[in-house]
Amino acid sequence: MSERERVLLEHGFVLHQRAYRNTSQLLECLTVAHGRVGIVARGSRRAASGQRALLQPFAPLRLSWHQRGELGALTLVEPAAASYELAGQQLLAGYYANELVLRLTARDDPNAEVFSCYSRCLAELAGDAQVARTMRIFEMRLLQALGYGLELDTDAGTGEPLHADRNYAFEAEHGLRVAAGDDPDADVFSGRALISLREGLLDDDDSLRAAQRLLGRMLRVYLGERPLKSRLVLQDVVRRGL
């Protein structure tokens, strides 16, 4: 993006905001065409400013800004649709989704698929969808959108389709292979649970637990060992794990 580029009414969400100087905010926003962007909202913390009430997480927005070096300068914000009303576990899950996107994406790297799966996640959380299932599907789709998706169609060793009645070991460097019975340290998953994840079903506790374990392993590869704060909070509250 050039230093003088002007962006008009770009669809986006605020992922994170913090105070900046005396009256402003520094925003991290996810947008359709420009990816994650850093934007300064000058004067948004003043009592007379109407921007602060709009610049909240989970609110679909239209944003306009001038790009000035690494950060943009907000010129206009208006609602694009009603905010997603999240509460309780859904609210914590929404903050987890925000933190995950922040940790896995870089600024100014457009990816419409990331925006799409994030928007879909919020819509499902605001509905009647089960939180744990919604977040597992979101994690899988987000990794796929970023090019980190796991091959859930075939055995990485033989190229054969996964079979529901077999067990598979996950290796971060290679993927899924038929589990060897003589390897007690292998991270093993049932073919049934893997197929359930691939098809987006996750309709029982066993497949949900397996998806949590597998996707957690994959996320640690790309996130490192520093845990997500929101995930720890939600695990403590829900006890079932996010």
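Readers should treat all values here as calculations from the given coordinates under stated rules, not as data from a laboratory. Just so you know, these numbers come straight off a predicted model, no measurement behind them. Neighbour counts are summed over all protein chains in view; Cβ atoms, including those assigned to glycine, are modelled from backbone coordinates with ideal geometry.
At-a-glance table
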quantity	calculated
Stretchable slack from A53 to R166, in nm (0.36 nm times residue separation minus alpha-carbon distance)	35.4 nm
Signed unit charges on C-beta, dipole axis of segment 6-79, positive-most listed residue L30, Q51, L63	Q51
Debye log10 I(q)/I(0) at q = 0.12, 0.27 Å⁻¹ for segment 6-79, Cα point scatterers	-0.25, -1.43
Relative exposure of Y95, Y20, Y148, judged by other C-beta atoms within 10 Å (fewest first)	Y148, Y20, Y95
Phi to ³J(HN,Hα) by Karplus 6.51 cos²θ - 1.76 cosθ + 1.60 over segment 35-52, Hz, x for Gly, Pro	x, 7, 10, x, 9, 8, 9, 6, x, 5, 8, 5, 4, 7, 7, x, 6, 4
Of L176, V221, H163, farthest towards positive along the dipole that unit charges on Lys, Arg, Asp, Glu beta carbons give segment 153-222	V221
Computed over segment 6-79: relative contact order in percent, which uses C-alpha pairs under 8 Å that are six or more apart	34
Top of Y84, Y222, Y168 by mean-square fluctuation, Gaussian network on the chain, Cα under 10 Å	Y222
L9 long-range amide H proximity, modeled H, under 5 Å	L63, S64, W65
Sorted peptide list for 129-138, 197-206, criterion being average Cβ within 10 angstrom, highest first	129-138, 197-206
The chain - percent relative contact order, Cα under 8 Å, separation 6 or more	15
Helical mean residue ellipticity (222 nm; -39500 (n - 2.57) per DSSP H run of 4+; nearest 500) of the chain	-11500 deg cm²/dmol
Ranked S24, S44, criterion: other C-beta atoms within 10 Å, fewest first	S24, S44
Debye, to nearest 20: dipole size of segment 6-79, +1 on Lys, Arg Cβ, -1 on Asp, Glu Cβ	280
Rounded to the nearest 20 debye, dipole of the chain from Cβ charges on Lys, Arg, Asp, Glu	1580
At 0.692 mPa s and 37 °C, Stokes D of the chain from Kirkwood alpha-carbon radius, µm² per second	169
Distance between segment 71-134 and segment 145-181 - C-alpha centres, whole angstrom	30
Where GluC sites (Glu not before Pro) fall in DSSP loop in segment 19-98, at most 12 other Cβ within 10 Å	E70, E85
Per-pair calculated FRET efficiency, R0 = 51 Å: R6 and T158 via Cβ, rounded to 0.05	0.40
13 Å beta-carbon shell around H16, net charge (K/R +1, D/E -1)	+3
Diffusion coefficient, µm² s⁻¹, Stokes-Einstein with Kirkwood Rh over alpha-carbon pairs of segment 1-126 at 4 °C and 1.567 mPa s	89
